[in-house]
Each structure stands twice: as C-alpha cells, then as structure tokens.
Amino acid sequence: MMTRKHFTALLTLTPLALLAQKPGIKRGEPVDLGAIGAGEGPAWGPDNSIYFSGSKGVLRRTDEGRVHEVRDKSAGTNGVMFDREGRMVTCESGNRRIVRTEKDGSITVLTDKFEGHPFNSPNDLAIDSQGRIYFTDPRYGRRDNMEIKDKDGKSVEGVYRIDAPGKVSRIITHEVDRPNGVLISPDDRYLYVADNNNNNTGVERKLFRFDLKKDGTIAPSSKKSIFDWEDGRGPDGLKMDIEGRLYVAGGINRENPPYESSKKFKSGVYVISPEGKLLDFIHIPGGDTTNCAFGGKDLKTLFITAGGNLWSVNVEVPGYTYYKRK
C-alpha cells in the first residue's frame, strides 16, 4: 500500500502564485540539460540512464551526459516505460501500436489493433503491480483515418489494458474526451487520466481519477476531477512521488488563440496533492512541458521534457519506479 501524507491548513493558492515551500516538497531550481531531442516520454531505466522520445527517436542519456540512440525515429515513439522485468515498453504513435523491447533487443508487438481496427495514435502508458499495461489512444492532428468507432459510429479516443501480447481490452470509451497522460497509483487503487483536448474550445482540460477494480476495469461512477486547467493548455504526462503527490506536466507559455490561454497556467510541472490542492509549480520556459519522470540512483531527480529540451530538478521526496531495482 502506498503511504499518504495528509496536508492541512493550506492557503488558497493561485496557479502562478509564488508558492511557499511546504515540508516534504523542498526542491532545487530547474536545470536545462540541453536541446537533445527530449520531446516526450521520459523514463528512468534499470541501467541508471534517462530515456526519452522525440523527433530523433528513443534516446538514452547517461549520468555522464552522453546521448545514445535506442530506437530510430521511424516508429514515431511517444510514451516510454520499463516493465517489472526491466524491459522497455513504448507507444509507437506513428506505427499505431504498443511494443516491448526484449532483453536480446528483439521487438514484440503487444497490440496494434482493437477488434480488427488500427489504433489512433497510442500516446502514454502505465503499468500496474500485476504487470498489466494501460495506454491512452487519442488523436491529435488529422482525424480522417480514425477507424475505431463505438456502436453508434462515433470515433473513440479510449484507454486500453493489455493483459498479454495480443490480449487487449478497452476500459474507457467516452468517459473522458481526449485521454493523454495516464498513471496507476502504486497500490492499484486508482487510475489517473489527463484529459487534454487542445485544439477545441469549451472542452474539459482536467486531470481525472477513477477507482480501479481488481480485474483492471474502472468504475465509471467514481470519476472525480482532481485539477482543472480551465482555458489553458491541459494536462499531459504525470508521475507520483512516494507520498502520493502528483507531478503533472501542463500549461503553455504563449497564447494559442482561440484554443489555449497562457494568462493563468504557464508551462511547467504542477505538484498536486491527492485531494487536488496545488502545492508547488515548477515553471519551465521555452517549449511546452510534455511529461516528467523520477530518476537518479535515489529517485530524487525529476526529469522534465519540454520542446525538445531535457530539464532536471532535485527533489526531497523520491518517486516510484515499476521495475525491480537492483
């Protein structure tokens, strides 16, 4: 079971206020590690390197700062994660599939279709304590080749669960509008989904939480809004520290009329309590902040991807990793 720290006597906070440091969330200032193709999907690997994806493919940055190509850009990779055995699992948005890289370097396709139809563009993923993989399947950009429909012929941007290669179930159909980031709480109790429809007006841009059942399905009636980005850029990737705080990439640094405003929610990482209170805001200048991951040998470094740049922030409370650490 995960440990939770209850936060009391919090002041009413505004998103861009200078938030006072609270006990347990002390941190350093963001450090820019360079424009090295870190567009998305940061994940700390078993080899003590940070992995990320972008226009150059999947890359690995060592502790010494050297960058190596792991997968070429042809896959159009987005989300990256390591399973319980330390194997890399990736969302190949371009190839519309989820794949696993085996220890010998071979590729296993975990799923590339649902009910005979190709996915939209798998975006982000999470893994529960049983090793089941959950992933989001939104569509940003062109929408004329979306092939997964509901019984009424409406396009589906869903959330899916993989139990084994080729065995996939849909657990969210229309409960959220356009699912992006996804997270399973370490006790398997909750499924968090970032709803981010960034090219329409009057839509929800919220982080939602669902009760997750033991069979890997959700209780739709349990849907709860955790945080609302209103008319700003909605939430993207997210992670959790060992005390239950959520670290959510979101916001925007420039106006994007008529869809997104930068007036209230700047680009960065929003640190949010389990109850939905904003505890801290880590501003990242430049490109849009897309995702984050805990890393370092003590898991007390928060790595952040934004516009091709990789950033790091030292934190006091470590995050979680899902693979078995040595």
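Here are the numbers for the structure shown:
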{"read-out": "Filtered residue count, region 186-218, keeping only those that are over 25 Å from PRO258 (Cα atoms) and either open to solvent by 60 Å² or more (accessible area, probe 1.4 Å) or at pLDDT 95 or above (or both)", "value": "15"}
{"read-out": "Options ASN120, ASN145: the member that is open to solvent by less than 20 Å² (accessible area, probe 1.4 Å), assigned to a loop (DSSP other than H, G, I, E, B) and either farther than 22 Å from GLY296 by Cα or aromatic (Phe, Trp, Tyr) (or both)", "value": "ASN120"}
{"read-out": "Any hit, region 288-302, residues being in contact with a Pro (Cβ under 7 Å, 6 or more places away or on another chain) and among the hydroxyl-bearing types (Ser, Thr, Tyr)", "value": "no"}
{"read-out": "Pairs with Cβ under 6 Å, 6+ apart, first in region 115-140 and charged (D, E, K, R), second assigned to a strand (DSSP E or B)", "value": "ASP124/GLY79; ASP124/THR136; ASP124/GLY181; ASP124/VAL182; ASP128/ILE184; ARG132/ARG161; ARG132/ASP163"}
{"read-out": "Within region 52-65, considering residues that are modelled with pLDDT of 95 or more and open to solvent by 20 Å² or more (accessible area, probe 1.4 Å), the one nearest to VAL159 (Cα to Cα)", "value": "ARG60"}
{"read-out": "Pick from region 241-260, criterion open to solvent by less than 20 Å² (accessible area, probe 1.4 Å) and closer than 25 Å to TYR140 by Cβ, ranking: farthest from the chain's Cα centre (by Cα)", "value": "GLU260"}
{"read-out": "Residue match in region 255-264 (condition: in contact with a strand residue (DSSP E or B) (Cβ under 7 Å, 6 or more places away or on another chain), touching a residue at least 24 places away in the same chain (Cβ under 8 Å) and not in a strand (DSSP E or B))", "value": "no"}
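The values are calculated or read from the model by the stated rules, or taken from the named source; none is laboratory data. What you are looking at is a predicted structure, and each value in this text was computed from that prediction instead of being measured. Reconstructed Cβ throughout: ideal geometry from the backbone, glycine too, with neighbour counts over all protein chains shown. Heads up: the accessible areas ignore ligands, DNA and RNA and are worked out on the full protein's heavy atoms, side chains in. Shrake-Rupley method; radii C 1.70, N 1.55, O 1.52, S 1.80 Å.
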